[in-house]
Amino acid sequence: MAMRRWTVLIVPQGAGATREVRVSARALKLLCGFSAVFTAALLALTFTAVSKAADLSRLDRLERSNEILAGELSKMTTMVGMLTDTLGAITEQDRTIRLLAGMEPSNPDVLQAGIGGPQGPRSEDDLLLLESELGQRALAARVDLETLNRRALMLASSFRQAADTLSQFTDRLSHTPSIMPVDGFVSSGFSTSRLHPLFKENRPHEGTDVVAPAGASIVATAAGRVVDVGNKSGYGLVVTLDHGDGIQTRYAHCSRILVQVGDSVERGGKIAEVGRTGWATNNHVHYEVLVHGRQVNPATWIFGERIVD
């Protein structure tokens, strides 16, 4: 059987002779096969080159991303240190406020807000992070931030307790008699027995006499409410204040009363003027402090600058 051949005519566009090229079917098949193999190899090489270039680009971006992540972790570590210092300063203020409020300082070990006991199983994400240095730093930063958050919450709770107690304590202080009722000098103190200047016999003196010029201002020695105003035997013009918790103060021998029953007054507020009404030999204030209705020595209730509103 004769071998089949293919004839290819090459016709030039301009002048020139037409050429014939005879190719056998086998040669044509070989040529087509080689072309197919060459094309496939070229495509494979091109794909490999493109993939490698893409991988290099992704690797470059990943390295850049890791550099940025490392920088952010460094900033976070610095911020954790700053927050730790800030919480330390706040802890000192918390201790001071609790002392002012008459409370025991918080336990320093408790305020560290540490976590004890065995650690539970780690998540797959955590295990993956542990495989790299950056991942380990990220986990450490997370632990530090969680600890700081717990400390902040505990301090906030401690501050609320101290603030509430201090508010109550401050209110109690403002209602505690603590200053002189008038600017003058003490002529006679509290005594269970003294020679009465008018009756010339020994009698209890259940208050403190403070001599001052006529008309001088008599002030409330603590915040309170006016519960009694009037002219009483021996006391002359007198005003009585109630400060709560069974504590009252009484101001006698006044020349003029400037308040009325039901009025609220603050420590240092003017309530009367010095006089010599009642059983008095000169201008002065007879000042009494009563606790649950019983007179006590006013000298023990005068603290000067140690009590501040």
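Each value in this text was obtained by applying a stated rule to the coordinates, not by laboratory testing. All values reported here derive from a predicted model rather than from experimental measurement. For neighbour counting, all protein chains shown are included, and Cβ atoms are generated from backbone atoms with ideal geometry for every residue, glycine included.
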Inset, instruction - Under 10 Å from the Cβ of LEU241, count the other residues' Cβ atoms, weight Lys and Arg +1, Asp and Glu -1, and hand me the total. - result: -1
Inset, instruction - For segment 185-306, would you read off the P(r) tail past 23 Å as a percentage of all alpha carbon pairs? - result: 24 percent
Legend entry - Around SER255: net Lys/Arg minus Asp/Glu count, Cβ-Cβ under 10 Å: +1
